[in-house]
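The values are calculated or read from the model by the stated rules, or taken from the named source; none is laboratory data. As the structure is a computational prediction, the values presented were derived from the model and not from experiment. Counting neighbours? That spans all protein chains shown, and the Cβs are built from the backbone with ideal geometry, glycine included. Surface areas here come from the heavy atoms of the whole protein model, side chains and all, with no ligands, DNA or RNA. Shrake-Rupley method; radii C 1.70, N 1.55, O 1.52, S 1.80 Å.
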Amino acid sequence: MTVPVEPTSVDPSRNGAPATTPATTPAPATASAATPPDTPSDPHPSAVPGRTAQTATHALRPHAEDVFAAELAALAARDDRPRPARWRLSPWSVATYLLGGTLPDGTVITPKYVGPRRIVEVAVSTLATDRALLLLGVPGTAKTWVSEHLAAAVSGDSTLLVQGTAGTPEEAIRYGWNYARLLAHGPGRDALVPSPVMRAMAEGMTARVEELTRIPPDVQDSLITILSEKTLPIPELGQEVQAVRGFNLIATANDRDRGVNELSSALRRRFNTVVLPLPETPEAEVDIVSRRVDQIGRSLDLPAVPDGIDEIRRVVTVFRELRDGITADGRTRLKSPSGTLSTAEAISVVTGGLALAAHFGDGVLRAGDVAAGILGAVVRDPAADRVVWQEYLETVVRERDGWKDFYRACREAGA
């Protein structure tokens with residue numbers, strides 16, 4: 001027997017696990033003339049369980065579908081290409097949303113991902129098939145960022161999320177129980193608490209599983225039946241939930257961080273794997289860092305990025321040289337520290353530096369504002385990494401033209 005499942009709210013305090021009380025789902029808004037019959041219209045933030053217009057406006061980190069609602073609406077209004085069932089945009093428009101572009105009416109779509117176009121096209125086309133998508137890469141290659149924006153563009157809701165940790169239970173992927181109702185009335189629909197994945201199956205939406213390789217292997221494998229049979233058995237009720245058209249799943253994983261569990265071959269076969277690379281050139285990485293820091297800075301009322309572009313270039317140069325084990329000119333071999341020194345960490349260092357400049361300086365990002373952040377990012381192992389950093393400072397930074405202020409700032413920061 002196939003049973004539809006009522007959506008429930010998601011409790012963020014439980015790392016993406018479903019809340020214990022089912023939520024009432026408002027009636028969907030009327031679709032516009034530009035929206036195909038099988039595609040729901042864009043929801044107002046208050047139409048998503050647990051979200052209101054006020055929280056979307058004042059949230060410290062609003063969801064992608066809220067921040068870029070105007071761009072998504074502009075793309076939908078002018079999208080005359082075929083859309084898969086229940087998709088809010090065509091695959092072409094989803095790719096345009098991620099990569100950026102200018103619409104015929106002059107509307108500018110800002111790029112959300114800076115990288116090879118083909119990678120995005122393969123990821124989007126995978127979601128249009130019956131295969132799930134696995135975004136694989138070293139830490140800091142924008143896997144989570146890309147998965148969020150893909151879900152926002154495809155389903156209009158990026159919040160159907162399971163956050164993978166070493167303690168993620170099977171209930172976070174399958175379903176749980178409201179034990180008060182279970183004890184009072186016994187097993188039944190009213191006592192069932194669907195997971196975000198089960199909700200996505202029932203509603204034909206995109207679910208997300210972050211850090212899949214951090215989830216214990218036996219819990220990981222609970223996805224196998226979901227991805228292969230597109231069904232989720234509920235043996236306690238003698239029922240099942242079958243995925244409706246439009247359902248798919250995006251998972252992210254890395255194999256370079258600590259605490260990683262290998263995926264079983266059976267589970268890996270259920271995914272189409274797309275590897276997100278590190279930025280190819282320093283210019284591309286500077287562009288990525290500048291864009292993200294500017295977005296974060298605006299929400300925190302920090303100084304504009306252009307005032308600190310020189311320091312951003314220096315942070316990126318340091319990270320790339322230590323990460324690659326060789327200086328940019330190819331003349332000096334370097335030891336690499338134990339950390340990944342990813343683009344995400346560079347964004348964090350620059351954002352922290354902007355906060356220092358705004359609150360304890362003159363508002364202009366300078367070497368002294370980023371020095372402590374770089375030291376903290378590089379020196380993860382106090383014994384080994386400090387030696388690597390000291391050698392880099394004395395053999396590269398000290399002798400580089402125009403970097404004297406940076407050298408002094410790093411020495412004063414405790415190097």
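Couple of notes before you dig in:
- Percent of alpha-carbon pairs separated by more than 18 Å within the stretch 235-343: 69 percent
- The alpha carbons of the stretch 184-260 stretch over 46, 30, 18 Å along the principal axes, in descending order.
- Per residue, the chain reaches -11500 deg cm²/dmol at 222 nm when only DSSP H runs of four or more residues are counted, each adding -39500 (n - 2.57).
- Of the beta bridges in the chain, as assigned by DSSP with both residues counted there, near 40 percent are antiparallel.
- Scalar couplings 3J(HN,Hα) for the stretch 70-80, obtained by applying the Karplus form with A = 6.51, B = -1.76, C = 1.60 to θ = phi - 60°, are 5, 5, 5, 5, 5, 5, 5, 5, 10, 8, 10 Hz; x denotes Gly and Pro.
- Aspartates and glutamates whose Cα lies under 20 Å from that of K335, excluding same-chain neighbours fewer than 8 positions away: D257, E321, D324, E345, D381, D385, E391, E394, E399
- Straight-line cross-link reach from K230 at under 28 Å between alpha-carbon atoms covers these lysines, not counting any fewer than eight positions away in the same chain: K143.
- Accessible area in square angstrom per residue, the stretch 168-305, 1.4 angstrom probe: 45 Å²
- Rounded accessible area of Y179 (nearest 10 Å², 1.4 Å probe): 140 Å²
- Gain upon complete extension [A384, E171; 0.36 nm per residue less C-alpha separation]: 72.6 nm
- Check: the chain dipole with +1 on Lys, Arg Cβ and -1 on Asp, Glu Cβ, in debye: 440 debye
- Contour excess over end-to-end distance, with Cα ends at I326 and D362 and 0.36 nm allotted per residue: 9.5 nm
- Scalar couplings 3J(HN,Hα) for the stretch 308-315, obtained by applying the Karplus form with A = 6.51, B = -1.76, C = 1.60 to θ = phi - 60°, are x, 5, 5, 6, 4, 4, 5, 4 Hz; x denotes Gly and Pro.
- Protection proxy ranking for 228-239, 148-159, 279-290, using the average of other Cβ atoms within 10 Å per residue and placing the highest first: 148-159, 279-290, 228-239.
- Between I215, I226, I309, the GNM of the chain built on Cα springs shorter than 10 angstrom shows I309 fluctuating the most.
- The charge dipole of the stretch 227-379, taken about its Cα centre with unit charges on the Cβ of Lys, Arg, Asp and Glu (plus for the first two, minus for the last two), comes to roughly 480 debye.
- In this structure, the amide hydrogen of A132, modeled 1.01 Å from its nitrogen in the peptide plane, lies closer than 5 angstrom to those of N272, counting only residues at least 5 positions away or on a different chain.
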